[in-house]
Amino acid sequence: MTVERTLPTAEAHDLLDLVRDLIAKEVAPRASADESAKRFPREVFTLLGGSGLLGLPYPEEYGGGAQPYEVYLQVIEELAAGWLAVGLGLSVHTLSCFPVAAYGSADQRAELLPELLGGGS
């Protein structure tokens, strides 16, 4: 069942469409097999990073999506509906980037955030 969402921009609507497409084609089809085999879906997180989804609430200058938190949360909900562990994993990853983004020096942000937000780490 698709939920009707209130989103602030056309870009946010496109982003949710992208997420739904990724879930249908790349995430949900492998969820059951990976869960049964107790495999971590590293390739899914690489895909999410390449799609710009690992850093949605962070500034573009560091590779983030500069999206409002409300949009980021809706992306998490969509991912969790397709595979709960992936939605949770994205949430934890995004939260783990916060200390560097909020409290890191300019040098630390410039050095660490682009790779973290792009999925390199």
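The values are calculated or read from the model by the stated rules, or taken from the named source; none is laboratory data. Just so it is clear, the model here is predicted, and its values are computed rather than measured. Don't worry about glycine lacking a Cβ; one is built from the backbone with ideal geometry, like all the others, and counts go over all protein chains shown. In case anyone asks, the SASA skips ligands and DNA or RNA and just uses the protein heavy atoms, side chains included. Shrake-Rupley method; radii C 1.70, N 1.55, O 1.52, S 1.80 Å.
To the nearest 20 debye, what is the magnitude of the charge dipole of the stretch 54-118 about its Cα centre, counting +1 on the Cβ of each Lys and Arg and -1 on the Cβ of each Asp and Glu? Could you put the intermediate results ahead of the total?
Details: 1 positive and 8 negative charges, 28 e Å.
With only Lys, Arg, Asp and Glu charged at Cβ, the dipole is about 140 debye.
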Expected max-MSF residue from 52, 104, 82 in the GNM of the chain (alpha carbon, under 10 Å) is 104
Work out the length of the dipole vector of the chain about its Cα centre, built from +1 on the beta-carbon of each Lys and Arg and -1 on the beta-carbon of each Asp and Glu, and round it to the nearest 20 debye. 440 debye
Extension gain (nm, one decimal) between residue 47 and residue 13, 0.36 nm per residue minus Cα-Cα: 10.3 nm
Over the stretch 41-104, calculate the relative contact order: mean separation of alpha carbon pairs under 8 Å at least 6 apart, over the residue count, as a percent. 23 percent
Whole-number percent relative contact order across the chain, with pairs defined as alpha carbons under 8 Å at least 6 apart: 28 percent
Take residue 66, project a point 7 Å from its Cα along the Cβ direction, then tell me which residues of the stretch 83-121 have their backbone nitrogen under 17 Å from it. 110, 114, 117-118
Given 27-33, 74-80, the highest-first ranking by average Cβ count within 10 Å works out to 74-80, 27-33
Roughly how many Å is it from the Cα centre of the stretch 82-121 to that of the stretch 8-45, as a whole number? 18 Å
Measure of exposure for residue 107: accessible area at 1.4 Å probe, Å² rounded to 10, is 120 Å²
Overall form of the stretch 40-93 per C-alpha gyration tensor (a/c, 1.5; a/b vs b/c): oblate
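Return the calculated 222 nm mean residue ellipticity for the chain, to the nearest 500 deg cm²/dmol, obtained by summing -39500 (n - 2.57) across DSSP H runs with n ≥ 4 and dividing by the residue count.
Using -39500 (n - 2.57) per qualifying helix, the result is -21000 deg cm²/dmol.
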Need one number: convex hull volume per residue for the chain, Cα atoms only, in Å³. 94 Å³
Shape parameters for the stretch 63-121, alpha-carbon atoms, Rg then Dmax in Å: 12.3, 37
Report the one residue of 10, 36, 85 whose Cα lies farthest in the direction of the positive end of the charge dipole of the chain (charges on C-beta: Lys and Arg +1, Asp and Glu -1; origin at the Cα centre). 36
So for the stretch 1-69, what are the equivalent ellipsoid semi-axes in whole Å, largest first, each being the square root of 5 times an eigenvalue of the Cα gyration tensor? 25, 17, 8
Return one number: the angle in degrees, 0 to 90 and rounded to the nearest 10, between the long axis of the Cα atoms of helix 84-103 and the longest principal axis of the Cα atoms of the chain. 0 degrees
